[in-house]
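The values are calculated or read from the model by the stated rules, or taken from the named source; none is laboratory data. None of these values were measured; they are calculated from a predicted model. Every residue, glycine as well, gets a Cβ built from its backbone with ideal geometry; the counts of neighbours run over all protein chains shown. Heads up: the accessible areas ignore ligands, DNA and RNA and are worked out on the full protein's heavy atoms, side chains in. Shrake-Rupley method; radii C 1.70, N 1.55, O 1.52, S 1.80 Å.
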Amino acid sequence: MEDCKKASNLNSIDLSSPDIPTSVSLLKQACMDCGFFYVTNHGISEEFMDQLFTQSKNFFHLPLEEKMKLLRNEKHRGYTPFLDELLDPANQLQGDQKEGFYIGIELPEDDPEAHRTFYGPNLWPDSDILPGWRQTMEKYHQQAMEVVKKTARLIALALDLDANFFEQPEMLGKPIAVLRLLHYPGQVSEPAKGIYGAGAHSDYGLITLLATDGVSGLQICKDKDAKPRVWEDVEPLKGAFVVNLGDMLERWSNGIFRSTLHRVLGNGQERYSIPYFVEPSHDCVVECLPTCQSRENPPKFPRVKCEAYLLQRYKDTHADLSTYNKA
């Protein structure tokens, strides 16, 4: 049983504003309310974002056999076919009605860090088939990380920490950052029948930077325990990113900041989106921040190592790769 829907009124944070206290105040309010907000004047040009979406579409328009040559590997790089991901098994009849492509931080095989679970070489389409594709994705990886760092400084201040707190080597100094291209082909979701573009979930890590093509579909539920759940539409804002907090930041903040359930409902329109998921380093131990606990509010979550936590979350939501070998 669920109730829909109304439009969500999210705070908008201007990353170029010199008025830091106001930005921090707006961000803190958003993080405590639902963990979703817009960022504007982020420094990435609209022309480049158009190019990024064009290249994303170019990949998804390839024949399926070409895309399957780049099927995701054990390091979660590459193509994820339709129905591969099941984000809400309790309510979904089948996997998500979307296809995707994972691009992580690129490290050559001979780099001593390349063996780490979420590092290593990416899978890339042949440059003869998609010229300039890799260069566009690598450029966006770098530019998106700069937007994340600007946002993380405001988050640190909102948590009464030093502005550079999240830039320590064990956090964003050696981050796990995953760019994901997504394509929803235009089916109509039917929640009553368990059919969704993307099932209800919260993100796993620190923060997610989401670019969309302007087609609606994203919804948030501020209270996952409400019966019925109330879902609110998050409308695209031209030139802005939607930012949302992940579960690790909720754990760090002792539940003061929210990692909120969200989902995507298809409305019959084709939709492209590009989330950029940012987590701390493999070895980072996520535990309650000193500024977020007291005698009256002791730590609510056990400490957890980032690598182990992410591995389990990916395992829980993706199809076993061996099923594709059999197919």
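Points worth noting:
- Backbone phi angles across region 268-276, fed through the Karplus curve with coefficients 6.51, -1.76 and 1.60 (θ = phi - 60°), yield HN-Hα couplings of x, 9, 5, 9, 10, 9, 9, x, 10 Hz in residue order; Gly and Pro are listed as x.
- About its Cα centre, region 147-246 has a charge dipole of approximately 160 debye under the convention of +1 per Lys or Arg Cβ and -1 per Asp or Glu Cβ, with nothing else charged.
- Here the contact order of region 86-192, divided by its residue count and restricted to Cα pairs under 8 Å and six or more residues apart, works out to 33 percent.
- Remark: relative contact order (region 181-298) = 40 percent; criterion is Cα-Cα distance under 8 angstrom and separation of 6 or more residues.
- The phi-based Karplus calculation (6.51 cos²θ - 1.76 cosθ + 1.60; θ = phi - 60°) puts the 3J(HN,Hα) values of region 15-21 at 6, 9, 5, x, 7, 4, x Hz, whole numbers, x for Gly and Pro.
- Amide proton proximity set for Thr40, modelled H, under 5 Å, gap of 5+: Ile13, Asp14, Leu15
- Solvent-accessible area of Asp225 with every protein chain in place, 1.4 Å probe, in Å² to the nearest 10: 120 Å²
- log10 of Debye I(q)/I(0), alpha-carbon scatterers only, for the chain at 0.14 Å⁻¹: -1.18
- Taking the DSSP bridge list for the chain and keeping only pairs wholly inside it, about 80 percent are antiparallel.
- Per-residue ellipticity at 222 nm, computed for the chain from helices alone with -39500 (n - 2.57) per DSSP H run of at least four residues, works out to -8000 deg cm²/dmol.
- Net dipole in debye of the chain [+1 Lys, Arg Cβ; -1 Asp, Glu Cβ; about Cα centre; nearest 20]: 620 debye
- Stretching His318 away from Gln51 to a fully extended chain increases their span by 93.2 nm, per 0.36 nm per residue minus the current alpha-carbon distance.
- Put a plus charge on the Cβ of each Lys and Arg, a minus charge on the Cβ of each Asp and Glu, and nothing anywhere else: the dipole of region 1-150 about its Cα centre is then about 280 debye.
- Residue-by-residue Karplus 3J(HN,Hα) for region 229-239, coefficients 6.51, -1.76, 1.60, Hz, glycine and proline x: 5, 10, 9, 10, 6, 9, 7, x, 10, 4, x
- Amide H contacts of Arg271 (H built 1.01 Å from N, in plane; Pro and chain starts excluded): Tyr184, Gly186 sit under 5 Å, all sequence-distant by 5 or more or on other chains.
- Count of lysine pairs in region 218-327 with Cα separation under 28 Å (8 or more residues apart, or interchain): 11
- Approximate shape of region 1-149 as ellipsoid semi-axes (Cα gyration tensor, √5λ), whole Å, largest first: 31, 24, 17
- The chain, relative contact order in percent, only Cα pairs under 8 angstrom and at least six apart counted: 23 percent
- Fraction in percent of alpha-carbon pairs per bin - 10 Å, region 103-206: 12, 30, 31, 22, 6, 0
- Of Thr291, Gly173, Ile44, farthest towards positive along the dipole that unit charges on Lys, Arg, Asp, Glu beta carbons give the chain: Thr291
- Area of Lys315 that stays accessible when all protein chains are in place (1.4 Å probe, Å², to 10): 150 Å²
- Of Glu85, Glu250, Glu287, the one that fluctuates the most in a GNM where the chain has Cα springs shorter than 10 Å: Glu287
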